[in-house]
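Report on the structure given below.
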Amino acid sequence: MSDETRDADDGTPPTRRDARGGAPADGIPLVDAAFPSFDVDAIPPRPPLPVTPENTSQVPLGPLDTADHNAIREQWRAARDELGSHVSHARDQLDQANERIKQRTGRDLILAILIGLAFGAALLASLLFIKALFVPFALAAALLGVYELSRALRASGRRIDVVPQLIAAAFLVLSAYFAEPWLCWVMLFVAVAFVVVWRLIAQMVVKDGRTYGDVLTDAVISGFVQVYVPFLAGVALILLEQEGGQWWVLSFIAIAVAADTGAYAAGLAFGRHPMAPKISPKKTWEGFGGAVAASLIAGVLLAIFLLELPWWAGLIFGASILLSATLGDLGESMLKRDLGIKDMSSWLPGHGGLLDRLDSILPSTIPALCLYFLLSPWVVM
């Protein structure tokens with residue numbers, strides 16, 4: 001091989017390392033147009049990495065601005081204090097309005113609304129899902145009503161035997177749902193006879209010198225308790241047992257409640273002229289007008305959308321329940337005035353006693369059952 005391939009000085013070819021370094025061992029740069037010399041300043045800077053949860057810890061944090069942090073804290077504290085003052089002011093206004101209503105009507109509005117909603121929810125649930133669940137609801141209401149009325153009568157000086165009243169009431173209410181309707185009338189006679197005979201025998205045993213007129217009055221009032229509370233509650237269960245009866249029970253209760261609410265709202269806002277001052281001085285004709293409007297509107301809506309009845313049937317239904325509810329309310333007011341009490345009891349804050357809420361519902365069971373057989377599309381004559 002020829003010596004032209006070797007270096008002119010030592011005769012050895014350049015190494016691979018020398019070729020990679022761009023200069024031979026003696027420091028002379030290699031010049032090649034295809035591979036120019038490397039310029040470090042010509043490389044652009046690397047762009048910053050985007051901030052992600054993975055590399056957040058690698059991003060250097062700037063110094064905290066204490067002034068901005070304190071300003072944000074002060075703004076938050078001021079907004080919180082302002083919200084608290086608004087809430088406190090609204091609460092004071094609500095308490096003042098509630099006190100004014102309580103002084104005018106004798107009722108605690110907030111408690112009355114809460115208790116009414118709770119009872120309404122329980123009643124609605126029992127009628128919407130399984131109508132048989134309304135039976136223990138009605139039984140408990142009847143027993144509590146009998147107990148409440150019996151204690152109020154005893155406090156006024158009447159001799160009422162509570163335990164026999166409760167026993168007779170339980171049989172009377174249950175027979176209305178689980179037996180034939182005509183047996184309810186038989187049970188009414190049996191229940192009245194049972195409590196009257198019990199009272200007469202108890203008076204004979206005591207021999208305390210009570211006059212004949214007082215003994216007779218005690219016996220009559222004992223029978224009245226059975227008619228007023230458990231029998232009327234049993235009529236509601238007779239209606240419940242019919243086909244589609246749960247919707248009629250729900251409707252007549254809703255109309256009675258609507259009439260009571262309309263009378264309360266209209267009387268509170270516009271009441272000026274007493275309706276029956278000797279019986280119930282707080283009932284006004286303006287309140288009665290509100291009850292008329294509320295009951296008729298409720299009757300028409302329930303007839304069309306729930307009972308599958310024409311609108312005119314809803315007017316009849318609403319007017320009938322309005323009449324019975326008003327008479328029941330006035331009747332219970334007369335009874336309480338005769339007994340010298342304001343409420344039957346204080347079990348329900350904002351409402352008084354249970355009978356103070358049932359006074360308009362119990363008498364409404366009679367027209368509701370009659371209108372069911374007259375107007376209901378499920379009844380085959």
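The table below lists the values:
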quantity	calculated
For a label point 7 Å along the Cα-to-beta-carbon line of I341, residues of region 187-221 with backbone N under 11 Å	none
Full-extension gain in nm, W76 to V227, via 0.36 nm per residue minus C-alpha separation	47.9 nm
For peptides 128-140, 146-158, 269-281, sequence by mean Cβ density within 10 Å, most packed first	146-158, 128-140, 269-281
For A276, distant residues with modelled amide H under 5 Å away	K283
Computed label-point distance, nm, for sites L323 and I130 using a 7 Å Cα→Cβ extension	3.9
Length added when fully stretched, L216-K278, from 0.36 nm per residue minus Cα-Cα	19.6 nm
At R0 = 35 Å, FRET efficiency that the Cβ-Cβ distance of R154 and W185 yields, to 0.05	0.80
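FYI, it's all coordinate maths here, none of it is from the lab. Bear in mind that the values here come from a model prediction, so they are computed numbers and not experimental data. Virtual Cβ from ideal backbone geometry, glycine too; neighbours counted across all protein chains shown.
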